[in-house]
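Reviewing the structure listed below.
The values are calculated or read from the model by the stated rules, or taken from the named source; none is laboratory data. What you are looking at is a predicted structure, and each value in this text was computed from that prediction instead of being measured. Using ideal geometry, Cβ is built from the backbone for each residue, glycine included, and neighbour counts are taken over all protein chains shown. These area figures cover heavy atoms from the full protein model, side chains too; ligands, DNA and RNA do not enter into them. Shrake-Rupley method; radii C 1.70, N 1.55, O 1.52, S 1.80 Å.
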Amino acid sequence: MRRWHGLDEVPADWGRSVVTIGVFDGVHRGHQRIVRSAAQTARERGLRSVVITFDPHPDEVVRPGTHPPLLTSTRRRVELLEGLGTDAVAVVPFTLQLSKVPPDEFVQSVLVDRLHAAHVIVGEDFRFGHRAKGDVALLIQLGEKYDFTAVGMPLVANGDTISSTYIRSRLNAGAVEDAAHALGRPHRVEGVVVRGHQRGRALGFPTANLETLPHTAIPADGVYAGRLVCDSARYPDFSWPAAISIGTNPTFEGGERTVEAYALDRDDLDLYGEHMAVDFQARIRDTLKFDSIDALIEEMHRDVVRAREITSS
């Protein structure tokens, strides 16, 4: 597996390839079908497969402030794409200059000159080139000009039409199980563990407080069951069942929205400064304001019992 940051890293002797291209935010089941199809087609033709994705999200460059919350970090997206059987992933920096390249020039410079495309597979709603003037029909037409074939595939898996927009809407509603079904895995939120108010520790439930990455798609406020995941040198490939809280801690009149995770029955973890992630498995309840600390602690015990039941099933 090869990983390229930009197309300048593509080897000069790279042969003809089957290419798929898109943002692939979330790498959901529809995306997975397209990437696997490209990899399979490449194997059948004795070629290599390449996935092109972009960083940052094109909307962030073309229309700053209007881009959607991101379902995956760039690092996570590349890891997921690599796991689908492709031979190479190219992360192309999306710039204002790139956004102004006409469709024909984009195809020639990226697909033909750099990757020597023999076949291109994209989502049926794929757009490219300046002002997104290029579509699948134009891609097929340009393929005839530059000696490659192209096809647009629907973002469908097992009969379900899937979109990143739909997944974001389910996360906004707290429906993490619906999101997981469309993604093909639990939704993940990443961040570095920072020091919070340490109220959880004082209450007997020490939590990892995540400073999330910018523009992260975070589920609706509430309490969830899931897993706390770490891949640092201190805790390589560790994962613990967890109760996860999202919200402003209304019982304490909090104002800042936080993502906190309590690794069930663990009070011995030193996670400050570690890069962590939380995987959301199921929603337990809404965020509530309690009349007393004792009432909050009692509810937190019930949350832990419910989280244990969900994560053990």
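The table below gives the values:
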| item | result |
| --- | --- |
| Residues of type lysines that Lys100 reaches as a straight line, Cα spacing below 25 Å, ignoring anything fewer than 8 places off in the same chain | Lys133, Lys145 |
| Against the rule of thumb 2.2 N^0.38 Å, how large the Cα Rg of region 219-292 comes out | 1.17 |
| Region 131-177 - Debye-derived log10 I(q)/I(0), Cα point model, q = 0.14, 0.17, 0.30 Å⁻¹ | -0.57, -0.70, -1.02 |
| Residue-span extension gain [Met1 to Asp291] - 0.36 nm each, minus C-alpha spacing | 98.9 nm |
| Gained length - Arg257 relative to Asp113, 0.36 nm times residue gap less alpha-carbon distance | 47.1 nm |
| Cut-off 15 Å between beta-carbons: net charge of the residues surrounding Val112, Lys and Arg +1, Asp and Glu -1 | -2 |
| Rounded, prolate or oblate (a/c below 1.5 giving rounded, otherwise prolate when a/b exceeds b/c) for region 1-119 by Cα gyration tensor | oblate |
| Cβ-based net charge around His181, under 13 Å, with every Lys or Arg adding one and every Asp or Glu removing one | 0 |
| Residue-level accessible surface for Tyr146, protein heavy atoms, 1.4 Å, Å² | 40 |
| P(r) weight above 17 Å for region 95-216, C-alpha pairs, percent | 71 |
| D_trans [Stokes-Einstein, Kirkwood Rh over alpha-carbon pairs] for the chain, 25 °C, 0.890 mPa s, µm² s⁻¹ | 116 |
| Separation in nanometres of the label points that stand 7 Å from Cα toward Cβ, at Ser313 and Asp268 | 3.0 |
| For Val91, net neighbour charge (Lys/Arg +1, Asp/Glu -1) across residues whose Cβ lies under 10 Å away | +1 |
